[in-house]
Structure formats: structure tokens, C-alpha cells
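Every number in this text was worked out from the coordinates using simple rules, so none of it is lab data. Just so it is clear, the model here is predicted, and its values are computed rather than measured. Here the Cβ is made from the backbone with ideal geometry for all residues, glycine too, and neighbour counts use every protein chain on show.
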Amino acid sequence: MKQKVTLKLIAKELDVSISTVSKALKDSAEISMDTRQKVKAFAKLYNYKPNNIALSLKNRKTKTIGIIIPEIVHHFFTTVIGGVEKVANEKGYNVIICSSNNSFDKEVINLEMLASGSADGFILSVAKETQQKRDYHHIEETMSQGMPVVLFDRIIDELVCDKVIIDDGKGAQVATNHLLSLGCKKIAILTTVDYISVGKLRTNGYLRALRVYDIPFRDDYILKIEDVDNCETEISDFLENKDIDAIFAVNELFAVTAAKILDKQGKKIPNDVAIVGFTDGILSKHFIPSLTTVSQHGEEMGIRSARLLIDKLEADDNVPEEYKTVIIDTSLIQRESTKK
């Protein structure tokens, strides 16, 4: 069987990135003339056609929704998927789930594969590498072919499409206010590097709360973690001999890891250090002590995302295009890791 020519195959054959291939085919000035000519020649020789089938999807519906998430083993994303499936099943749609594993290239490949006839539209939370690169050509190309996209959680402000988010800054401010209301004044934050949008927004909420209470922020109380999956060493080094009375962690993993490290250091939670996390997952509920956390209401986010997408898919073509940004309220769930 003749192998189908894809962006991935062209990139592999020419030893360049998928992004380079896509931009070269669009004649982007970012790519050298020599590389553009090589890519175009290869594509022409092997009769490459970008998302051919997607161009006819308006007339040939698959009744399938594609979901692309950064991580498959993550409580929040599983609850979002549950919400999407609930609405999709009610409306007679199937759901295909793909994980980018926070890889830009894998996100591009997933979109290309699903847009080539497997799905009518997409619900997408962008990969960490996509945010880092600030390269959204693959999403723009998909939308330009008439396929609707709904972004959720990690969104791109520059893209004109439907979006479903929580107010990350407000949720973080509420979490920090809770610690401040308990009398904590030396509050550390475990967050992500700035190019990850939700981490940056939650850090800003933490800083806002400190300003309202007239507490100056300290650089040595802020840890920005790059490698989220291997954070234990960084958090351990950060907390070593740290004079703090509370921690706000921007995700569940950071909160649980900090609690384990503090226990090893002989510190009691919440008597010595109170902890508030983000995302009300299984770990937060069943960890000892159970963790106070900000709930993102992932299922509701999935429900709202699916409704927006299906409304677009079933809309009359003559109706003017309108885009919505839905903001879902968070809530603080108090447990044993903060003083009652």
C-alpha cells in the first residue's frame, strides 16, 4: 500500500521540524528560500495535499468530535472528557480522544490526522510546547478550512474562536486569601514557568492577594518549576530550611509533593505549614492530611465546551459567525491541610 504523505513524513525526510514544513508550504518569510523550495518540491513530487478531506466536511459529517488534551493521566482532563462525552452522547456524537503529551509536534499530528476525515470539530487544550513556541499555525489552518475549534483551560488569546475557561487569577486569589485569613503571612507559591498561561494567571492572583493585605512579595518565596513531572527535587531544595507558614500550589501534584517533603522534614500540616492546592482531584481528597483545594469544575467545563462546539456544527451556514468566551466559577474546598 502506498504510504500517505503527511507533514510528519515530509519533515522526517527533509530532517526539519513539522512547523518548518507547514510554514514553508505557506511561503512564510520566516523560512529560508532554499528550505521553502525543497519542501515545495518534495510536496509536489509526492502529491501532498493538506487536509484534503477536511475541505469537504461541511457536506459530509462524521458526527464525531475530536478532543486533544495535554495529558491523558490527569484527573482534571478526565473530568472534562466526561463532560464532553455526556453532551456528545445526548446529541448523537461520538468522541475521539488524543493526547499531545505536551508536545507541539504531536499536537500538530493529532490535528492533521483528525482533520483528515475523522472528526467534524475539535475541543482543545494546547500543549506546553505550543505555548512556549507561540506557534498556532496548525490551529489557524484547521479553522480556516471551516472546522470549528473550542479551546478550554489553556487557551490562546490571539485565536478567534470559542473558549471555555475558569478565572484562574480569581481562584488563586481566593486560595491565598484563605491562607491570609488564617493568619499566615509567610506564604510561598509553587508555580510553573511563565509561558504556561494558567500558571502565570494563578501566580498573578497570588500576588494580588498579598497586595490587598499589604504584604510585600518575596522572590525567595516563589518557585517556578519547568519540569512538572519531575518536580520533587526542585521543591525539596526550595523548602529546605525555608521560613514559611503556608504554601499555595498551582496544581495538585505540587501540593501533594510539598506535603510529602514537609512531612519528611518533620513539619506538621497544618500546624507548622498550611497548604492549598489547585484542582480537586483524587489525590487531594485521599491524601493524608486531605488537601484544601480550588475546584475547577472540569465536568462543567467539558459540558460547556461540547455545547459550544455542537452549536457551531449544527448552526445554519447563513447565520453570522459569533464567538463566546465562557468563564466558569471556581470554588474553594476546605479540608485538613488548612486550619479549621
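General observations
- Positive-pole candidate from Met33, Leu9, Ile69, dipole of the chain, charges at beta carbon: Leu9
- Proportion of all alpha-carbon pairs of the chain beyond 27 Å (%): 50 percent
- Built amide H within the under 5 Å cut-off of Thr192, gap 5+: Ile225
- Per-residue ³J(HN,Hα) for segment 293-309, Karplus 6.51 cos²θ - 1.76 cosθ + 1.60, θ = phi - 60°, Hz, x for Gly and Pro: 8, 8, 8, 8, 6, x, 4, 5, 4, x, 4, 5, 5, 5, 5, 4, 5
- Eligible aspartates and glutamates near Lys44 by straight Cα distance, threshold 17 Å, same-chain separation 8 or greater: Glu13, Asp27, Asp34
- Each label point was placed 7 Å from the Cα along the Cα-to-Cβ direction; for His286 and Ser103 their separation is 3.0 nm.
- Candidates Gly169, Gly183, Gly82: whichever shows maximal mean-square fluctuation once the chain is modelled as a Gaussian network with Cα springs under 10 Å: Gly183
- Asn94 long-range amide H proximity, modeled H, under 5 Å: Thr64, Ile65
- Listed residue pairs exceeding 22 Å between alpha carbons, taken from Lys242/Lys339; Lys128/Lys224; Lys186/Lys267: none
- Student exercise, segment 168-296 dipole from Lys, Arg, Asp, Glu Cβ charges, in Debye to nearest 20: 520 debye
- In a fully extended conformation the segment linking Ser17 and Lys186 would gain 56.3 nm over its present Cα-Cα distance, using 0.36 nm per residue.
- Structure-based [θ]222 nm, the chain - -39500 (n - 2.57) summed over DSSP H runs of at least 4, per residue, nearest 500: -12500 deg cm²/dmol
- For segment 235-242, the Karplus equation 6.51 cos²θ - 1.76 cosθ + 1.60, evaluated at θ = phi - 60°, returns couplings of 5, 4, 5, 5, 7, 4, 6, 7 Hz by residue, with Gly and Pro reported as x.
- Relative contact order (%) - the chain, alpha-carbon pairs under 8 angstrom, separation at least six: 17 percent
- Theoretical FRET efficiency, 1/(1+(r/R0)^6), r = Cβ-Cβ of Lys40 and Glu226, R0 35 Å, to 0.05: 0.45
- Computed 3J(HN,Hα) for segment 137-151, one whole-Hz value per residue from the Karplus formula 6.51 cos²θ - 1.76 cosθ + 1.60 where θ = phi - 60°, is 4, 5, 6, 4, 5, 4, 5, 5, 8, x, 9, x, 10, 10, 8, glycine and proline marked x.
- For the listed residue pairs Lys61/Lys200; Lys40/Lys61; Lys63/Lys324; Lys63/Lys106, the alpha carbons are over 27 angstrom apart in Lys61/Lys200; Lys40/Lys61.
- Contour minus Cα-Cα distance for Tyr323 and Asn204 (0.36 nm per residue): 40.2 nm
- Cα principal axis extents for segment 1-50, largest first, Å: 36, 17, 16
- Measure of compaction for segment 112-262 (Cα Rg per 2.2 N^0.38 Å): 1.24
- Amide H contacts under 5 Å for His297, placed H, 5+ residues apart: Asp280
- Length gained on full extension, Ile333 to Asn241: 30.2 nm, using 0.36 nm per residue less the C-alpha separation.
- Cross-link partners of Lys163 among aspartates and glutamates (Cα-Cα below 17 Å; sequence separation of 8 or more within a chain): Glu140, Asp153, Glu299, Glu300, Asp311, Glu321, Glu322, Asp329
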